[in-house]
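Below is one structure; the comments refer to it alone.
Just so it is clear, none of the values below were taken in a lab; they were calculated from the coordinates. Predicted model only: the values in this text are computed from it and were never measured. Ideal geometry is used to build each Cβ from the backbone, glycine not excepted, and the neighbour counts take in all protein chains shown.
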Amino acid sequence: MTDRLHDKTALITGAASGIGAAIADRFVAEGARVALVDRNEAGAGEVAARLNAAHPDRARVWAADVTDAERIAAVVAEAQAHFGRLDILINGAGVNVFAEPTELSAADWRRCLAVNLEGAWHAIQAVLPAMRKAGYGHIVNIASVHGHRIIPGAFPYPVAKHGLIGLTRSLGVQYAAEGIRVNSISPGLIRTPAAEAWLASLADPEAERARQREILPCKRLGEASEVAYAALFLASDEARFINATDLTMDGGRSQIYHD
Ligand code: NAI
C-alpha cells in the first residue's frame, strides 16, 4: 500500500464484478473510501465484505441500475452525504450486446446505449454539481478498444463505446478550467466474468481463447487488476495534466495493421 488515494472518496459503478471490483480493491488498498454501485447487490455486498474485513468502514454498497437516472442521482446524493464528498467517479458498469445488425431488436439497441453510454452520463450528471462547487473531481470512464476499432460481429457495442469516448472528450474540455478532469480507459480483452461468459457462449471456447492469445502481441489476455492500476493513475493527482483523453491498454493489439 502506498496511499496514492489517501483520504479520497470514489464512487464506482459496476463494482460487483470484474474490472469495477478490481478498481475497488486497488482504490481501498491505496487509502480511498468507496461507494460500490451495481445492480447486483449481492455481488457488491461480497466485494464490500472483503474490503471492510481488511480496511474497516471503507466500502459501502448502493444497489442501483445505471439506466435509472433518478435512482443514480439519489445514490450519488446519499454517497456524498455518507462520505462527506466524492472526489472520483469511475463508470465501470457495462454489458456486451453483440448481434447481427439486421437481427438486432429495438430493445437490445436501446439496452446497449442505455447501459454503456447513458448510464455513464447519468452518474456524471449527478456528481458534477458538487465537483464543480468543490473545484475538484476526477472522472474515469471504462470504454473499450471497441471504441476505436471495429471487430466484426460485435454490433452495436462499439457504437456505445465510441459515444462514451466522445462523452469523455467533450466533458473533459467543458469543465477543465473548473478543476474537473474526464478521461477514459479502453481495455482490450480482459479476463473477467463477462469475458469468460462470452468465451463460454462460443462453440469451442478453448480454441477461441488460444486464438485470442495468439493475436495479442504479448501472447496473453489482460487482467482486471492491470486496468485498476491505470484507473488509479488517471483518478489520482499524479495525472492532473491528463484530461479529455483515452488510454488504450490492449497489449499493443490495436496497433497491428495486418500480419
Ligand atoms: P463484468 O460483467 O464482470 O462486470 C460488469 C458489472 O457491471 C457487473 O457487476 C454488472 O452487474 C454491472 N452492471 C451491468 N449493467 C448494469 C446496470 N445497468 N446498472 C448497474 N450495474 C450494471 O464486466 P467487465 O468485463 O468487468 O466489464 C467492466 C467494464 O469494462 C464494462 O464497461 C465493459 O464494457 C468494459 N470492458 C471490458 C472488457 C473485457 O474484456 N472484460 C474489455 C473492454 C471494456
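Among the residues in segment 148-164, are any under 21 Å from LEU5 (Cβ atoms) and among the aliphatic types (A, V, I, L, M)?
The answer is no; no qualifying residue exists.
Of these, THR102, THR67, which one is of a type in the set (Val, Ile, Thr), within 17 Å of LEU36 (Cα to Cα), out of contact with any Leu (no Cβ under 6 Å at 6 or more places or on another chain) and surrounded by fewer than 20 Cβ atoms within 10 Å (Cβ to Cβ)?
Checking each option against the conditions leaves just THR67.
Looking at segment 199-214 only, could you name the residues that are within 14 Å of the ligand (Cβ to nearest atom) and either surrounded by fewer than 13 Cβ atoms within 10 Å (Cβ to Cβ) or polar (S, T, N, Q) (or both)?
Within segment 199-214, ALA200, SER201, GLN212 qualify.
Yes or no: segment 26-34 includes at least one residue that is within 16 Å of the ligand (Cβ to nearest atom) and not in a strand (DSSP E or B).
Within segment 26-34, one or more residues are within 16 Å of the ligand (Cβ to nearest atom) and not in a strand (DSSP E or B).
Going by what's in this entry, would ILE90 be described as within 14 Å of GLY14 (Cα to Cα) and in contact (Cβ under 8 Å) with a residue 24 or more places away in the chain?
yes
So which residues in segment 1-25 are part of a strand (DSSP E or B) and either under 14 Å from the mean Cα position of the chain (by Cα) or within 13 Å of the ligand (Cβ to nearest atom) (or both), if there are any at all?
Result: ALA10, LEU11, ILE12, THR13.
Yes/no per residue for (1) surrounded by fewer than 14 Cβ atoms within 10 Å (Cβ to Cβ); (2) in contact with a Leu (Cβ under 6 Å, 6 or more places away or on another chain); (3) assigned to a helix (DSSP H, G or I):
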{"residue": "VAL140", "(1), (2), (3)": "no, yes, no"}
{"residue": "GLY166", "(1), (2), (3)": "no, no, yes"}
{"residue": "ARG169", "(1), (2), (3)": "no, no, yes"}
{"residue": "ARG181", "(1), (2), (3)": "no, no, no"}
{"residue": "ALA194", "(1), (2), (3)": "no, no, yes"}
{"residue": "ALA197", "(1), (2), (3)": "yes, no, yes"}
{"residue": "LYS219", "(1), (2), (3)": "yes, no, no"}
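Considering each residue of segment 142-164, count those that are assigned to a helix (DSSP H, G or I) and not charged (D, E, K, R), and give that number.
10
Are there any pairs with C-beta distances below 7 angstrom linking a residue in segment 220-235 that is closer than 13 Å to THR248 by Cα to a residue that is polar (S, T, N, Q) and more than 10 Å from the ligand (Cβ to nearest atom), with the two at least 6 apart or on different chains, and if so which?
LEU234/ASN183
Filter segment 221-245 down to the residues that are surrounded by fewer than 19 Cβ atoms within 10 Å (Cβ to Cβ) and part of a strand (DSSP E or B) and list them by number.
Within segment 221-245, GLU223 is the sole residue that qualifies.
Does ARG71 satisfy the condition of being within 16 Å of the ligand (Cβ to nearest atom), basic (Lys, Arg) and not in a strand (DSSP E or B)?
yes
Can you name every residue in segment 39-50 that is within 18 Å of the chain's Cα centre (by Cα), among the charged types (D, E, K, R) and either in a helix (DSSP H, G or I) or closer than 26 Å to ASP3 by Cβ (or both)?
Here is the first cut: in segment 39-50, the ones within 18 Å of the chain's Cα centre (by Cα) are 39-41, 43-44, 47-48.
Still in the running and among the charged types (D, E, K, R): 39, 41.
Answer for segment 39-50, where residues must be within 18 Å of the chain's Cα centre (by Cα), among the charged types (D, E, K, R) and either in a helix (DSSP H, G or I) or closer than 26 Å to ASP3 by Cβ (or both): just GLU41.
I'm told ALA53 meets every condition in (1) away from the ligand (no atom under 12 Å from the Cβ); (2) in a loop (DSSP other than H, G, I, E, B) except one. Can you identify the failing condition by its number?
(2)
Taking segment 74-87 as the search range and keeping residues that are among the charged types (D, E, K, R) and not in a helix (DSSP H, G or I), which one is farthest from ILE180 (Cα to Cα)? Reasoning before the result, please.
Restricting attention to segment 74-87, the residues satisfying the condition of being among the charged types (D, E, K, R) are 78, 85, 87.
After this cut, where a residue has to be not in a helix (DSSP H, G or I) as well, the list is 85, 87.
Numbers: ARG85: 14, ASP87: 10 Å.
If we take residues in segment 74-87 being among the charged types (D, E, K, R) and not in a helix (DSSP H, G or I), then ARG85 is farthest from ILE180 (Cα to Cα).
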